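This report refers to the structure that appears directly beneath it.
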Amino acid sequence: MLRVAERFGVSSTLMAQVCRSLDVPRPSRGHWAKLSHGKHSPQPPLPPIGPGVPLGWRPGEKLASRSPLPKPPVRRPRRIAQEGPGDRLHPVLVGAAEVFASGRLIEQDFLKPGKRQLADVVVSKGMLGAAFAVFNELLHGLEQAGYPVMLAPKDRTYWRSAVDERESPGKLVNRRHPALWSPSRPTLVFVGTVAIGLTLAELTETKEARRVGDQYLPLDQAEKYRPRSGWPQWSWTIQHAFATGRLCLQVYSPYPGTHWIHRWVERKPGELR
């Protein structure tokens with residue numbers, strides 16, 4: 001350690017901190033003495049780069065702070081829904097429901113919170129509790145199986161794949177205005193050293209609709225507001241998207257330059273769980 005530190009012009013104490021930051025193993029106590037006397041002293045293997053581990057360090061650079069993998073909170077948070085799968089929220093979800101609930105509503109009552117550093121959940125106001133309950137159960141299940149879940153580390157480049165909330169995406173790009181909410185950092189699960197992105201979104205389906213007042217309603221619902229004299233001649237119907245109350249789990253490759261997406265889609269509410 002003294003020789004390596006001298007080569008970089010730093011103290012041996014700082015060199016040890018660098019090794020810890022980069023997950024580089026150091027010789028055990030008595031290693032060099034054993035070798036000098038001809039005794040065997042195994043060399044620890046260099047482990048694969050884990051989530052949140054910096055890729056390198058140069059003299060003069062500040063050591064990157066290593067944030068530990070997320071652990072369940074000590075205090076039990078308040079449940080966000082009666083159908084919640086457990087007694088506690090996953091750390092990625094703690095406090096997020098309140099931020100989502102206070103967000104503004106856009107078309108089809110989809111929520112658009114003011115913050116973006118949140119779990120990747122894209123749903124309408126009416127589905128917020130059910131979606132968080134399903135996502136919470138999924139994240140806990142992944143971690144119990146040995147796969148850590150977290151928001152993307154800031155020292156790596158990960159991208160978040162766009163979500164097409166349509167039940168049957170067409171060939172044309174879904175250009176909706178205003179755009180759905182999207183997080184600033186993807187929600188990732190690490191399988192070994194491989195990151196996989198997670199998004200939970202509510203599906204929409206296209207129905208023939210009529211404008212009633214300041215909103216569009218499916219034809220079967222619009223008939224309740226039909227005037228006795230019938231609909232005006234200028235009134236017409238259009239194809240309009242409506243939130244379905246059914247969820248879609250999208251997993252994808254978060255690595256730039258790659259494209260891989262898989263979706264699990266509910267055919268009836270509650271099927272995803």
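Taken together, the values in this text are just the output of simple stated rules run on the coordinates, not laboratory data. As the structure is a prediction and not an experimental result, all values here were calculated from the model. When we count neighbours, we look across all protein chains shown, and the Cβ atoms used for this are built from the backbone with ideal geometry, even at glycine.
Taking every C-alpha pair closer than 8 Å and separated by at least 6 residues, the mean separation divided by the residue count of the chain gives a relative contact order of 14 percent. With bins 10 Å wide beginning at 0, the percent of Cα pairs of the chain falling in each bin runs 6, 22, 25, 18, 13, 8, 4, 2, 1, 0, 0.
Label separation (Val191 vs His259): 2.2 nm, computed from points 7 Å beyond Cα along the C-beta direction. Each label point was placed 7 Å from the Cα along the Cα-to-Cβ direction; for Thr237 and Arg7 their separation is 7.7 nm.
Summarised in one figure, the compactness ratio Rg/Rh of the stretch 213-273, Cα atoms and Kirkwood Rh, is 1.24. Here the Gaussian network model covers the chain, with springs between Cα atoms less than 10 Å apart; of Pro59, Pro48, Pro113, Pro59 fluctuates the most.
In terms of overall dimensions, the C-alpha atoms belonging to the stretch 1-64 reach 38, 28, 14 Å along their principal axes, ordered largest to smallest. Spin-label model, Arg104 to Leu14: label points 7 Å out along the Cα-to-beta-carbon direction sit 4.9 nm apart.
Name the longest site-free stretch of the chain, where the excluded sites are chymotrypsin sites (Phe, Trp or Tyr not before Pro) in a DSSP loop with no more than 10 other beta-carbon atoms within 10 Å.
Values: sites that count: Trp234, Trp236.
After excluding every exposed loop site, the longest remaining stretch is 1-233.
Pairs of lysine residues in the chain that meet both criteria, 8 or more places apart or on different chains and Cα atoms under 27 Å apart, total 19.
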